[in-house]
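What follows is one structure encoded as structure tokens, with my remarks underneath.
Laboratory data are not the source of any read-out in this text; all were calculated from the coordinates shown. Note that this is a predicted model, so its numbers are computed, not measured. Backbone-built Cβ (ideal geometry, glycine too); neighbour counts: all protein chains shown.
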Amino acid sequence: MNGKTCLITGGNAGIGKATAVGLAKMGAHVIIVARSSVRGELALADIRRASGNDGVDLLVADLSSQKQIRQLAADFQQRFSRLDVLVNNAGIIPQRRQVTEDGLEMQFAVNHLAYFLLTNLLLDVLQASAPARIVNVSSMVHGWASLDFTDLQHERRYDPSNVYAQTKLMNVLFTYELARRLAGTAVTVNCLHPGVVGTKLYANYMGRSQTHDASNSEINQGAQTSIYLASSPDVADVTGAYFVNKQTKRSTAVSYDKGMARKLWDISAKLTGLPA
Ligand SMILES: NC(=O)c1ccc[n+]([C@@H]2O[C@H](COP(=O)([O-])OP(=O)(O)OC[C@H]3O[C@@H](n4cnc5c(N)ncnc54)[C@H](OP(=O)(O)O)[C@@H]3O)[C@@H](O)[C@H]2O)c1
């Protein structure tokens, strides 16, 4: 990965941080996105130490804010000249319904709309750097969800795990729709389930305030499919696929519904102020 630039959201903790270490170890120039500069700086030092690579940088942005996502994309393009790999990884499961500064339900905003908006804002630089790759971290729990377009903001009912599963289905629908739109370019996009790892997010999913601290090797294991999709020559030409344990796997039947994917794309474009 020498000479490659990789941007990883949620790179200050959990699977994203382990992905950053893995790619930095391979020689990539890694840039992590964190919402807290303090947590970001601490992670930066850890990632540099663990990888032996000083070429790791930090950009600070709260991905629940579309204004900050736009600023992040602008900062990235001002500071860095190329982008070979974008890993959309940051995720969240608030136990109570929260609303972002843009008036959107928090999980929908961070887990889906941030992937959608950041990717679209960085598509030009990805295409200019091609061959390039987009990696979307989803989850196997996407298979338990169906989308309710009449209540995407979950105003009628908020069940944290159910809302989470819906956003993870959106990650898969977004991946497949984007792959169709990028057909014929040298930019690939794939999604994955990382495995079950005892991170902060997992504790929230289980409705616990705390869980055991996952060991480094457990978290590292959870990063392997992201690292593989970001770096392996085996998947250089693979796009529009869902991976588990570095293997393609069929995602849930509804995730292949092109009409649903287009509808989600159109709604997402409208909510983020992008052209459809
Ligand atoms: N753990 C599992 O078992 C599991 C299973 C399937 C899929 N996944 C997926 O794996 C990905 C990573 O999750 P994880 O388990 O590694 O969780 P984690 O340890 O809780 O890490 C989540 C990361 O996202 C960041 N983040 C959350 N909200 C943000 C915001 N508004 N702006 C910027 N960054 C934000 C967090 O930053 P802070 O440190 O500031 O909170 C943290 O860096 C997620 O997409 C998740 O859905 C995880």
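At-a-glance table
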item	result
Volume per residue that the Cα convex hull of region 5-272 spans, once the total is divided by residue count, Å³	115
Cut-off under 5 Å, modelled amide H: who pairs with Lys4 long-range	His29
Leu58 long-range amide H proximity, modeled H, under 5 Å	Ile32
Under Karplus coefficients 6.51, -1.76 and 1.60, residue-wise ³J(HN,Hα) of region 165-176 in Hz, glycine/proline x	4, 4, 5, 6, 5, 4, 4, 6, 4, 4, 4, 5
³J(HN,Hα) computed for each position of region 245-254 - Karplus, 6.51 cos²θ - 1.76 cosθ + 1.60, integer Hz, glycine/proline x	6, 6, 10, 5, 9, 6, 8, 4, 3, 5
Spherically averaged projected area of region 1-108 from its Cα convex hull (nm²)	6.6
Distance from region 259-275 to region 117-157 (C-alpha centre basis), Å	11
Cα-based Rg of region 77-155 normalised by 2.2 N^0.38 Å, two decimals	1.30
Cα→Cβ-extended label distance, 7 Å offset, between Thr248 and Val38, nm	4.6
Förster-model FRET efficiency, 30 Å R0, Asp46 and Asp75, C-beta, rounded to 0.05	0.85
Share antiparallel - DSSP beta bridges, region 5-272, percent rounded to 5	10
Computed over the chain: relative contact order in percent, which uses C-alpha pairs under 8 Å that are six or more apart	17
Set of aspartates and glutamates with alpha-carbon distance to Lys4 below 13 Å, sequence-local pairs under 8 removed	Asp84
Relative contact order %, region 127-218, counting alpha carbon pairs below 8 Å whose residues are six or more apart	37
Lysine pairs within region 5-272, Cα separation less than 18 Å, 8 or more sequence positions apart or different chains	7
Between region 175-239 and region 63-82, the Cα center-to-center distance that results, in Å	22
Amide H contacts under 5 Å for Leu192, placed H, 5+ residues apart	Asn136, Ser138, Phe243
³J(HN,Hα), Karplus 6.51/-1.76/1.60, whole Hz, each residue of region 264-276, x for Gly, Pro	4, 4, 4, 5, 5, 4, 4, 6, 10, x, 9, x, 5
